[in-house]
Amino acid sequence: MSDMMAARREGGGNGAGPAAYEPGAGESRSGNAQDKKEKKKVVALLSGGLDSQLAVRMMQDQGFEVSAVAIKTPFCDFDCGRGCGFEIRERADDLNVDLKTVYLGDEYVEMLKNPKYGRGAGFNPCIDCRAMMFGAAKKRMEEIGAEFVISGEVLGQRPMSQHGPALRTIEKESRLEGRIVRPLSAALLPATDPERDGLIRREDMGTIRGRTRRAQLRMAEQYAIEDPPNAGGGCLLTDPQFGRKTRDLFDHTETPTINDIDLLKVGRHFRFDEMTKLVTGRNKDENGVISALALPGDVLLEARDHMGPVSVIRGDSGGGAIADYHVSLAASITLRYSDAPKGQDAKWAVTVRRVRGGGEDGGGDPAAAGRVVHAEPAADGSYARFRIK
Ligand code: SF4
């Protein structure tokens, strides 16, 4: 008798003990609801994390054909360094499921302005977010004629969205009441339509609860899932510092663009006034990203004679222009993070370029060519009040 089977018999499965699901068990049971029937389809929300992979494997064990939907938002980090979406595609291939990636862009930003169910400790609107994700899965379910939707959610694993009332709210908001199965915890949750209809059996479902991953890691081993991904991660909105930068953006911009959001992902951020902010690169890669993201109207700064950051001022000090005092302040901060000598009462040159429609320097318009200002590196502490962190 395996550890997991023992756990079931002993009533285990509180998350502190072994998993209450034995990989392969559903497959071999003669009474399995899917035995000897045409394969029924289910749609899985696949995050790339371990839990959603296990949920897929459990349903495959029980004879279902699984199609995956992966959701990308402006705030998720699908990029493992090998190109956006590469890793999740690899996971889908390993699981032998087809994959549809759905991008929630403008509608996600719109929701984030005022999420109906509020936010978590960061800027994360988990309940509204999950409802949107399940909404996309529902659409896929209807497209391919699937029976229901599954996810890797575990009861009590995440404080905001994975407790009983939140799970029910998400089902209601996504109009999937009774049609979301969370295989890892389903034996602890109210019966769903597929259970009532005999498509799945409660005894084939898991009883995992809580934040510990011991049970999932044991299942991963039994399913031979190599390098099970770490828990959490992937959503920038749960990061407290990123959350503060995002809050600042949403507080000062009626509808942030994807470009505004991409800019949040790099550099040190400074709020000069209601309309104006500065972003300063922290390394060569970020300098490149900042230059690439600069839009017409933005002002780019760089120390002329010293190694250092690329900075961008975005905003409007009045009349569509950036005021000189903001340019001077930005130049001082840019020098502060450069190799320019500090504390010498000396001023150093900073190149300032306003980006025009045709690119920096007005796309060849001599009147728009960069100018040089001279400034002292900002003294320690003098600029701290502007920093968003
Ligand atoms: S952690 Fe991020 S991606 Fe996950 S539900 Fe919350 S807001 Fe959405």
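Here, each number is a calculation from the coordinates, and none is a lab measurement. Predicted model only: the values in this text are computed from it and were never measured. Neighbour counts run over all protein chains shown; Cβ positions are idealised from the backbone, glycine included.
For region 213-229, putting each phi into the Karplus relation 6.51 cos²θ - 1.76 cosθ + 1.60 with θ = phi - 60° gives couplings of 10, 4, 4, 5, 5, 5, 5, 4, 4, 5, 8, 6, 7, 7, 6, x, x Hz, in residue order, rounded to whole numbers and with x for Gly and Pro. If the chain linking Glu65 and Asp106 were pulled fully straight, counting 0.36 nm for each residue of separation and taking away their Cα-Cα distance, it would gain 11.6 nm. Take the Cα of Ala384, step 7 Å toward its Cβ, do the same at Thr253, and the gap between the two points is 2.8 nm.
Peptides 149-157, 331-339: what's the order by average Cβ count within 10 Å, highest mean first? All intermediate terms of the calculation are to be shown ahead of the outcome.
Details: 149-157: 24.2, 331-339: 22.6.
Per-residue mean Cβ counts within 10 Å order the peptides as 149-157, 331-339.
Just list whichever of Lys113/Lys138; Lys172/Lys277; Lys72/Lys172; Lys342/Lys389; Lys100/Lys284; Lys100/Lys389 have alpha carbons separated by over 30 Å in the model shown. Long pairs (Cα-Cα over 30 Å): Lys172/Lys277; Lys100/Lys284; Lys100/Lys389. When region 83-166 is described by a simple charge dipole with +1 on each Lys and Arg Cβ and -1 on each Asp and Glu Cβ, the residue from Leu95, Gly135, Gln157 located farthest towards its positive end is Gln157. In region 266-386 the Cα-Cα distances spread across 5 Å bins starting at 0 as 2, 12, 23, 26, 22, 10, 4, 1 percent of all pairs.
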